[in-house]
Amino acid sequence: MDIKGIKETQNVLKECSYDWTPLDRGYTDKILYINLGTHEISEKIVPLLMKEKFVGGRGYGLKLLWDATAPDTQWDDPENEINISSGPIGGITQYSGSGKSICVSLSPLTDIPIDSNVGGFFGPFLKFSGFDAMEIQGKAEKDVIIFIDGVNHKISISEIDIGETDSHLLAEKLTGLYADDEKDKKNIGVVSTGAAAEHSLIGMLNFSFYDPKRKLVRMKQAGRGGIGTVFRNKKIRALVVKIPGVKGNLNNVVDLSAIIERGKTFNKEMRDLDDSQAEMRTKGTAHLTNIMNDYDLLPVNNYQYGSHPEANGIHSEVWKSRFTQGIPDGCWIGCNMACSKGVDNYELKSGPYKGQKVLVDGPEYENAGGLGSNCGIFNPDYVIEANFYCDTYGICTISWGTTVAFLMECYENGILNDERTGGLKLNFGNADSAMELLHQLARGEGFGKTAGLGTRKLKKLFAENGWGDASFLNDIGMENKGLEYSEYVSKESLAQQGGFAMTNKGPQHDEAWLIFMDMVNNQIPSFEDKAEALHYFPMFRTWFGLVGLCKLPWNDVEPENNAETDEPAKVPEHVDNYVTIYKAVTGNRFDKHEMIRQSERVYNFQRIFNLRRGYGTRKWDAQPYRAAGPVTVEEYESRQDRYDNQLRDLMGVDPSGMTTLEKMRITREYREDQYEKLLDAVYLRRGWNSNGVPKISHLKELGIDFPDLVKLVMDNQD
């Protein structure tokens, strides 16, 4: 259907004008509230307390969700929300990585709040249209599009027959529909998802950005926790925002010159140092694949192994040869990292778009590791095609890759068979069956729809059906709190085990990536050192999601003298950049200590939010044993020298004459005990009690001893 035909189908359910508020020091102090059930469109004023304590981004999203829901609200209740917010720094164009926003909702996978970080145009454009956050509640009767017209200052809820269900087509059509001409496409931001989000619990959201060099609409993903599933459950087909354009100082910052100065310094570092450091401009995050393989950290066959002889098939040089080079691949205006790599004119070999040539955004490292090596597949064409279909179908590549790897191990252990999978031979390395499983999910049929339940529910289903032993399924099912693991092998890094399983939302690498500090460089040898790292780095990284920043410019390129500083892992010069930029935007008094305190307030609030939902205590920080050590005999014997030496050196046990099962039992007891000691140390450092509940004294220190929080904490004391 052409644009004229689409416009003729439009049925406007509600439209209203609003008084546009320009940004002042990074804020408008207004929230756009939309209820799809009642068609209410209204503006809320951000209370001063909310602004002071929750800052923006994840903080705003969590506070709005807390106020809107009850302890027993389910993910598919109308009361559940999707909240999108950037932050005071989000949208500046003078420093790289400032185009991020955060989506928050109650997760279909975890039953607790999920926060998902995303790039693209929508978050900053929402701010420029006059709103610090968008709060969506209720359910529509039919598919709707919400349009925020930041040019004429109108908001509408409409039923429109777009004729498409998948994101790569939806984003292109809607950008064309709302743009005045080709040049105007750069002023449109679209949020959408695809067919698979309707049939799974792992749906994600695509945020568009227009690529003026390619003259194509591209996408970044708010991938984690099933927010795309909530999106489609609410019958939202898309969100669209339009602005007059991006120029100069739309955030109306206090000291633009200070931001420009820091931006120029960082841009010079990128130009001079990136090729010898992370190679982000040529490989994006996919530069990590061979590094992880070299250090035995690349997930292979459902995290059983950390390397593979065929890993050269997904080596970073392979991705470099596939990515279009020499194009400024940024997902936000002014970002100099150019890490949003893409494969142009890729001809699809399967599925509903077979034979069509498409632009594939990625693959990134998580896709190469999850869709590829973790499933025992080292074919770059499969990874590219699966990457594309996951994106356009609207499902999280991390959750999907980890779930398929789990299913493959179940198949190889007889827990699944051809009858149970509907004929799919899901052995490791079977790319054809893995691809068909993905297409089945998008069609909402067969074993593909079952796979869309996610790892936690699949473990329960298989055990209840009597297909496999529950303890074995729990050992190999790589999820925590219901969220699938990111794609790193954490067995030899106790700190990374905590960095995954102690997260509030579930195991996601955006909170703490400590493998090299812990395992490779041995910078945090004691429990106290690990606890300090698991306090500082999660809080520091949380701050990016409060203010609208991407984490990559922090440490994926480092100043030339960084290794000579007192704390090179923190990249102190870049921390100082962020302190300077925050003060320059807001004019507020601020230092690196207040940065951590801001994050602590939101982080502890989210922990108590989990408590309100019936979670948030020590037992929910438990990890599957596969994250800590070898589950199977084959795993142990693949690294027998390493594990035997650890028995001697760490546990004081002579393995001579012992069976592998005996050695595995002792190793497991030791590693599980080490993890429990880590929990104790981290809880103490974070100001929590031994059950993982924030202490009231700590809430008072942070200034968030609100009566409702205090009551929840009091009700959950040891």
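The values are calculated or read from the model by the stated rules, or taken from the named source; none is laboratory data. Nothing here was measured: the structure is a model prediction, and the numbers come from that model. With ideal geometry, Cβ positions are generated from the backbone for all residues, glycine too; neighbour counts draw on all protein chains shown.
Residue by residue, here is whether (1) among the polar types (S, T, N, Q); (2) in contact with a Lys or Arg (Cβ under 8 Å, 6 or more places away or on another chain); (3) surrounded by 15 or more Cβ atoms within 10 Å (Cβ to Cβ); (4) outside the structural domain of Gly376 (by TED's automatic domain parsing) holds:
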| site | (1), (2), (3), (4) |
| --- | --- |
| Met408 | no, no, yes, no |
| Tyr411 | no, yes, yes, no |
| Asp418 | no, yes, no, no |
| Leu424 | no, no, yes, no |
| Asp432 | no, no, no, no |
| Ala442 | no, no, yes, no |
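Restricting to the stretch 696-710, and then to whatever is free of Cβ contacts under 8 Å to residues at least 12 places away in the same chain and not in a loop (DSSP other than H, G, I, E, B), can you tell me which residue is farthest from Leu49 (Cα to Cα)?
Only one residue tops the list, namely Ser697.
For the stretch 477-500, give me each residue that is surrounded by 24 or more Cβ atoms within 10 Å (Cβ to Cβ) and assigned to a helix (DSSP H, G or I).
Residues satisfying the conditions are Ala495, Gln496, Gln497, Gly498, Gly499, Phe500.
Which strands (runs of 3 or more DSSP E) sit wholly inside the stretch 21-88 and have at least 1 residues that are basic (Lys, Arg)? Spell out the reasoning first.
On the way: elements: 30-35, 40-45, 82-85.
Strands (runs of 3 or more DSSP E) meeting the threshold: 30-35, 40-45.
Give just the number: which of (1) under 30 Å from Gln325 (Cα atoms); (2) in a loop (DSSP other than H, G, I, E, B) does Leu426 not satisfy?
(1)
A quick yes/no check of all residues on (1) more than 22 Å from Glu347 (Cα to Cα); (2) β-branched (Val, Ile, Thr):
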| site | (1), (2) |
| --- | --- |
| His287 | yes, no |
| Tyr295 | yes, no |
| Asn301 | yes, no |
| Ser316 | no, no |
| Trp319 | no, no |
| Phe323 | no, no |
| Gly326 | no, no |
| Ile333 | yes, yes |
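Quick one: would you say Val693 is hydrophobic (A, V, I, L, M, F, W, C), touching a residue at least 40 places away in the same chain (Cβ under 8 Å) and closer than 26 Å to Glu412 by Cα?
no
Which members of the stretch 24-38 meet the condition of being crowded, with 17+ Cβ neighbours inside 10 Å and polar (S, T, N, Q)?
Thr28, Asn35
Listed residues Asn290, Asn251, Asn233, Asn267; which is under 30 Å from Phe147 (Cβ atoms) and not assigned by TED's automatic domain parsing to the domain that holds Asn83?
Asn251
So which residues in the stretch 677-695 are in a loop (DSSP other than H, G, I, E, B) and either β-branched (Val, Ile, Thr) or within 17 Å of Arg597 (Cβ to Cβ) (or both)?
Those that are in a loop (DSSP other than H, G, I, E, B) and either β-branched (Val, Ile, Thr) or within 17 Å of Arg597 (Cβ to Cβ) (or both): Gly687, Val693, Lys695.
With the condition kept exactly as written, say whether any residue in the stretch 92-113 is assigned to a helix (DSSP H, G or I) and surrounded by 23 or more Cβ atoms within 10 Å (Cβ to Cβ).
no
Pairs, please: C-beta under 6 Å, at least 6 apart or cross-chain, first residue assigned by TED's automatic domain parsing to the domain that holds Ala681 and in the stretch 536-554, second of a type in the set (S, T, N, Q) and assigned to a helix (DSSP H, G or I)?
From the stretch 536-554, the pairs are Met539/Ser599; Thr542/Ser599; Trp543/Ser599.
Table: residues versus (1) at pLDDT below 95; (2) of a type in the set (Asp, Glu); (3) closer than 29 Å to Leu109 by Cα.
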{"residue": "Gln523", "(1), (2), (3)": "yes, no, no"}
{"residue": "Glu532", "(1), (2), (3)": "no, yes, no"}
{"residue": "Met539", "(1), (2), (3)": "no, no, yes"}
{"residue": "Pro568", "(1), (2), (3)": "yes, no, no"}
{"residue": "Glu573", "(1), (2), (3)": "no, yes, no"}
{"residue": "Val579", "(1), (2), (3)": "no, no, no"}
{"residue": "Asn588", "(1), (2), (3)": "no, no, no"}
{"residue": "His593", "(1), (2), (3)": "no, no, no"}
{"residue": "Gln598", "(1), (2), (3)": "no, no, yes"}
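Output the residue which, of all residues in the stretch 643-662 that are within 37 Å of the chain's Cα centre (by Cα), surrounded by 14 or more Cβ atoms within 10 Å (Cβ to Cβ) and not aliphatic (A, V, I, L, M), is nearest to Tyr303 (Cα to Cα).
So the residue we want is Tyr643.
Filtering the stretch 526-553 down to residues that are over 17 Å from the mean Cα position of the chain (by Cα) and closer than 30 Å to Ile84 by Cα, which residue is surrounded by the most Cβ atoms within 10 Å (Cβ to Cβ)?
Leu534
The conditions are (1) at pLDDT 95 or above; (2) surrounded by 19 or more Cβ atoms within 10 Å (Cβ to Cβ), and Ala470 fails exactly one of them. Which is it?
(2)
Can you name the condition, by its number, that Pro694 falls short on among (1) within 23 Å of Asn474 (Cβ to Cβ); (2) surrounded by 20 or more Cβ atoms within 10 Å (Cβ to Cβ)?
With respect to (1) within 23 Å of Asn474 (Cβ to Cβ); (2) surrounded by 20 or more Cβ atoms within 10 Å (Cβ to Cβ), Pro694 is out only on (1).
Give me the residue from the stretch 171-204 that is of a type in the set (Ser, Thr, Tyr) and over 17 Å from Lys234 (Cα atoms) and, out of that set, surrounded by the most Cβ atoms within 10 Å (Cβ to Cβ).
Taking the stretch 171-204 and keeping what is of a type in the set (Ser, Thr, Tyr), we get 175, 178, 192-193, 200.
Among the residues that remain, those that are also over 17 Å from Lys234 (Cα atoms) are: 175, 178.
Numbers: Thr175: 23, Tyr178: 21.
By that ranking, first place goes to Thr175.
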